[in-house]
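Bear in mind that the values in this text are calculations on the coordinates, not laboratory data. Because the structure is predicted, anything quoted here is derived from the model rather than measured. In this analysis, Cβ positions are derived from the backbone assuming ideal geometry, glycine residues included, and neighbour counts consider all displayed protein chains.
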Amino acid sequence: MPINENLAQYSDLAFESAFAIFVLAFVLLIAQYATTRAQAVQDREARELVTAGAPSGATAGPAPSQPVPGRVTDRRDKPWSERLGNMAMSVLVVGVALQLASIVLRGFATERFPLGNMYEFVSMAVAAATAMGLVLLRKQQYRSLWAFLLIPVLILMFLAATVLYADAAPVVPALRSYWLPIHVTIVSVGSGIFLVSGVASLLFLLRIRQPKGEESSGVLGKVAVRLPDAQTLDRLAYKTTIIAFPLFGAGIILGAIWAEAAWGRFWGWDPKETVSFIAWVIYAAYLHARATSGWRDTRAAWINVAGFVAMLFNLFIINMVVSGLHSYAGLT
């Protein structure tokens with residue numbers, strides 16, 4: 001099968017451009033995160049000055065932001081934190097578009113579905129995580145979470161472009177099946193959404209140690225106090241797991257059907273199959289714990305983090321260290 005080298009190069013260029021765009025967005029989000037607290041302090045001081053300057057017993061006049069008949073007022077500029085957040089969101093949309101373009105171009109370059117090795121799997125998982133982030137984290141109150149979501153995204157993309165990178169090439173004969181786009185796409189998308197869930201639970205565990213309205217002198221305390229409240233983070237983790245859990249389960253079932261067609265058995269306790277099933281059971285335990293009184297807070301969150309760790313173990317250790325029937329990493 002001939003490879004279109006030009007399209008393959010454009011795919012790599014789109015991936016590298018997406019990485020650079022995500023780095024820029026990360027810088028903007030860090031700047032927004034740093035200026036949010038300063039803006040809140042300035043607003044509080046301004047309100048205190050207005051209150052202190054009002055005569056005793058006098059009623060406050062119209063707020064500066066409210067129009068007064070017959071008076072021309074200047075429109076107040078948006079705070080820097082909001083400007084930086086808006087710029088970051090615009091940049092993120094471009095980054096996700098480039099990431100998706102890199103996947104599509106590699107598919108056209110190889111004339112196959114672009115999920116034949118670890119580089120392509122991670123690329124799809126990153127696209128799913130960032131696209132889900134655009135859907136769930138689009139509101140102003142959630143934007144601070146993007147800075148934390150981009151940390152594992154950038155790490156995964158860096159590893160994909162260096163350690164895991166594989167040239168555009170035909171897949172091994174075992175993967176030349178119509179089950180490849182069905183099974184692997186569902187698993188990779190589910191894994192990407194689980195990434196959002198794992199980050200939300202980690203931030204929940206950090207936030208719940210910091211009472212609302214209080215800020216410790218430590219770095220973690222200053223970071224935690226600017227996050228959404230713990231209940232919001234917990235709901236986000238639960239919502240994303242609810243979406244990813246049936247997808248990942250369906251991927252396992254479809255993989256078993258493919259295994260029966262390819263190897264003559266539905267389940268053989270191959271390392272990849274085993275760890276995938278363990279991860280699925282952990283997430284099932286999280287959903288059960290999340291609905292059980294007494295386990296809804298930190299215990300359930302730790303179970304969700306354990307599921308996230310199992311997913312990473314399955315992606316890297318099983319594919320790169322352990323030998324099995326699913327050893328299609330594409331590494332040399």
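General remarks:
- Taking the square roots of 5 times each eigenvalue of the Cα gyration tensor of the stretch 177-325, largest first, gives ellipsoid semi-axes of 35, 15, 13 Å.
- Applied to the stretch 183-196, the Karplus parametrisation 6.51 cos²θ - 1.76 cosθ + 1.60 on θ = phi - 60° returns per-residue 3J(HN,Hα) values of 5, 6, 4, 4, 5, 5, 5, x, 5, x, 5, 4, 4, 4 Hz, with x for Gly and Pro.
- A crude spin-label estimate for the pair F313 and D167, with each label 7 Å from Cα along the Cβ direction, gives 3.6 nm.
- Separation of the R176 and N6 label points, Cα + 7 Å toward Cβ, nm: 2.7 nm
- Listed residues N304, F245, G294: farthest to the positive end of the dipole of the stretch 177-325 (Cβ charges): G294
- The distance between label points at I30 and W267 comes to 4.6 nm (points 7 Å beyond Cα on the Cα→Cβ vector).
- With the charge dipole of the stretch 177-325 set up from +1 on Lys and Arg Cβ and -1 on Asp and Glu Cβ about the Cα centre, the Cα lying farthest toward the positive end among the listed residues N319, Y283, L206 is that of L206.
- Length released on extending from R209 to L154, taking residue separation times 0.36 nm less the Cα-Cα span: 17.1 nm
- Taking other C-beta atoms within 10 angstrom as a stand-in for reagent exposure, T298, T241, T185 fall in the order T298, T185, T241, fewest first.
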